[in-house]
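Peer 1: Mind having a look at this structure? Questions to follow.
The values are calculated or read from the model by the stated rules, or taken from the named source; none is laboratory data. For clarity, every value in this text was computed on a predicted model and none was experimentally measured. Please note: Cβ atoms are built from the backbone with ideal geometry, for glycine as well, and neighbour counts cover all protein chains shown. In case anyone asks, the SASA skips ligands and DNA or RNA and just uses the protein heavy atoms, side chains included. Shrake-Rupley method; radii C 1.70, N 1.55, O 1.52, S 1.80 Å.
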Amino acid sequence: MNELQRILAALRRDGLDVESVEDGALVQEGDSSVALFAEAAEGGGVFVRLHLDLNLYVDEEALSDVLMGVNLMNQSLDYGTLLLDPLEADDDEDDGLPEAEDSGPDGLDERVTFAVLGRSVLWLPSLEERELVRLREHLTRFERELSEAVERTLHGEKGIRA
């Protein structure tokens, strides 16, 4: 049983909804699915990477303001970070539009549109029970902290009003 399989078995024992995918897993945590990837660390132990897609898209015109907001939010986060990730265009589709007019399925210009994502990396020195408990706690706090930070920013007292 490899590192990822051992981690997934432990999370399932803790009652989490875990679905294996290609080289990782999707863990249902709260209202979100957190992608989890594990790999052996060179110096021993295991690196666990967590990815949370927050499904917030940023247009090029708002990019500088959003970058500033993401930087400010990151200053108060303990269990993960928020970053902007360029959307990847589907190279397989040729919709007949000139390249400058290419847009995604939602009408977004994918060349200048970014998704807000949450990321975290945790090093586990071993896969003993106490380290797996620490991973479970980190996973829970990661999802909650990032989701609450974004929610506060978008809808809080001093947040952005849509």
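Peer 1: Sort 17-30, 114-127 by the packing proxy (mean of other Cβ within 10 Å over each peptide's residues), most packed first.
Peer 2: By packing density, highest mean first, the sequence is 114-127, 17-30.
Peer 1: Mind running the shape call on region 13-66? Use the C-alpha gyration tensor, a ≥ b ≥ c as the square roots of the eigenvalues: rounded below 1.5 for a/c, prolate if a/b tops b/c, oblate otherwise.
Peer 2: Details: a/c = 3.08, a/b = 1.58, b/c = 1.95.
Note, shape of region 13-66 comes out oblate.
Peer 1: With every protein chain kept in the model, how would you rank 60, 143 by accessible area, 1.4 Å probe, largest at the top?
Peer 2: From most accessible down to least: 60, 143.
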